[in-house]
Amino acid sequence: MKIVLTFVTMIAFTVIANLLMKLGATGMDAGTAGFIARLFSWRVLLGLGFFGTAAMLYLIILSWVPLNVAQSFAAAQFVAVVLASSVVLSEPINSAQWIGIVCIAVGIAIVGWSHG
């Protein structure tokens, strides 16, 4: 159970980090705010902190499970980011993306069944 909770937490931190990075990249006037100004916006800095925390959680996960299994389950973050960007940022998900989401989910399920 600790592995599952740590994975879920790591993925949640990755999703939050991605959303913060996107908001930081687009939250200022992109036409006038330079890269350095965006780099040091509070959203980007907080996003980097969330990425760092997710990396530390991943390190813990790697001490518990083989890399190939950990990386396969970590792929759930791609699905989570796409879904979160749709809900939080109102970004559309087209049919090709839905097919990709299903393929990732099936791949994760296959790895899960084969591992356990």
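The values are calculated or read from the model by the stated rules, or taken from the named source; none is laboratory data. All values derive from a computational prediction rather than experimental measurement. Glycine gets a Cβ as well: all are built from the backbone with ideal geometry, and neighbour counts include every protein chain shown.
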Looking at segment 99-116, can you tell me whether even one residue there is of a type outside the set (F, W, Y), under 16 Å from the mean Cα position of the chain (by Cα) and not in a helix (DSSP H, G or I)? no
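Condition check ((1) in contact (Cβ under 8 Å) with a residue 12 or more places away in the chain; (2) touching an Asp or Glu at 6+ places or on another chain (Cβ under 6 Å); (3) farther than 14 Å from I11 by Cα) across all residues:
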{"residue": "M21", "(1), (2), (3)": "yes, no, yes"}
{"residue": "A25", "(1), (2), (3)": "yes, no, yes"}
{"residue": "W42", "(1), (2), (3)": "yes, no, yes"}
{"residue": "M56", "(1), (2), (3)": "no, no, no"}
{"residue": "V65", "(1), (2), (3)": "yes, no, yes"}
{"residue": "F78", "(1), (2), (3)": "yes, no, no"}
{"residue": "V87", "(1), (2), (3)": "no, no, yes"}
{"residue": "S95", "(1), (2), (3)": "no, no, yes"}
{"residue": "A109", "(1), (2), (3)": "no, no, yes"}
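Does any residue of segment 56-73 turn out to be under 18 Å from S85 (Cα atoms) and within 17 Å of the chain's Cα centre (by Cα)?
no
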Name the residue, out of S63, S86, that is at pLDDT 95 or above, out of contact with any Gly (no Cβ under 6 Å at 6 or more places or on another chain) and surrounded by fewer than 12 Cβ atoms within 10 Å (Cβ to Cβ). S63
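In the list G52, G31, G47, which residue meets the criterion of being modelled with pLDDT under 95 and not acidic (D, E)?
Of the residues listed, the single one that is modelled with pLDDT under 95 and not acidic (D, E) is G31.
From the set of residues in segment 86-98 that are among the small types (G, A, S) and in a helix (DSSP H, G or I), which is farthest from A70 (Cα to Cα)?
S95
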